[in-house]
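The values are calculated or read from the model by the stated rules, or taken from the named source; none is laboratory data. Fair warning: this is a prediction, and the values are worked out from it, not measured in the lab. Note: ideal-geometry Cβ built from the backbone for every residue, glycine included; neighbour counts use all protein chains shown. We work out accessible area using only protein heavy atoms, side chains counted, and drop any ligands, DNA or RNA first. Shrake-Rupley method; radii C 1.70, N 1.55, O 1.52, S 1.80 Å.
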Amino acid sequence: MLKIVKWVFIVALALLVGGVLHYNLPRHDIVRVIGTENRRVTPGWNSMFYSNAEPGSAAGQVRDVFFINTALPNGRERVFRNEDTGWGWPPYFKFSAYDIQAQVANLASTAEAPRWVAVRHYGWRNQFLTIFPNAVKVWEVPGPDTRIIPWFNIIFLTVSVALVWAIAARVIRWRHRRLQPALDRLDQRIDARRAGISRWFKGK
């Protein structure tokens, strides 16, 4: 039973960490910009998936949010929001939402004469939650087959795995050198006391 609980905990922790990384780490899409718009949004129970409101705005208050309407090379539409992250989480330190909105408006094109754009973004698109990935940077690329190598993700995940491995190795060594002998001595004391109690009852 304890092994099942242990593995359930490990799987749940892995899913949680994986979900946090998948949401926050940057990803790239090659798209064609269809147009831009500014919508009035009132974040409610899904507010955790939106950036913080402008200073002076109350939580849940109606506010303007920029959106970028795009099309993938396969023709499917994809919508991004364009909000500043400021000094909040995730730490993209984005303060250029207005500039990006003007930039993508200038890059809009038609299917007959497409201009392809790379969008670096984080977050998820979920229709039920009404949430959209947040674009943090856009730039024009030669074509829809342009490949973007996620160097930041590669370096970040490599360093993270190395740190976890180093910490785990030190914990294991500490356990074998210090903790395990202490546990063995404790087991020996418990066994000795049990043996003494057993002899006392037999003497009775």
Inset, instruction - State whether one or more residues within region 87-97 are more than 12 Å from residue 32 (Cα to Cα), open to solvent by 10 Å² or more (accessible area, probe 1.4 Å) and in contact with a Leu (Cβ under 6 Å, 6 or more places away or on another chain). - result: no
Inset, instruction - Among the residues of region 67-87, write down those that are under 16 Å from residue 130 (Cα atoms) and of a type in the set (Phe, Trp, Tyr). - result: 67, 80
Inset, instruction - Among residues belonging to region 14-55 that are within 19 Å of residue 120 (Cα to Cα) and modelled with pLDDT under 95, point out the one that is nearest to the chain's Cα centre (by Cα). - result: 49
Inset, instruction - Using the structure shown, decide if residue 149 is farther than 18 Å from residue 77 by Cβ and either open to solvent by 40 Å² or more (accessible area, probe 1.4 Å) or modelled with pLDDT under 95 (or both). - result: yes
Legend entry - Set 41, 31: member being more than 23 Å from residue 148 (Cα to Cα) and surrounded by 14 or more Cβ atoms within 10 Å (Cβ to Cβ): 41
Inset, instruction - Kindly provide the set of residues from region 1-28 that are part of a helix (DSSP H, G or I), open to solvent by 50 Å² or more (accessible area, probe 1.4 Å) and not β-branched (Val, Ile, Thr), ordered by number. - result: 2, 3, 6, 7, 9, 12, 13, 14, 15, 16, 21, 22
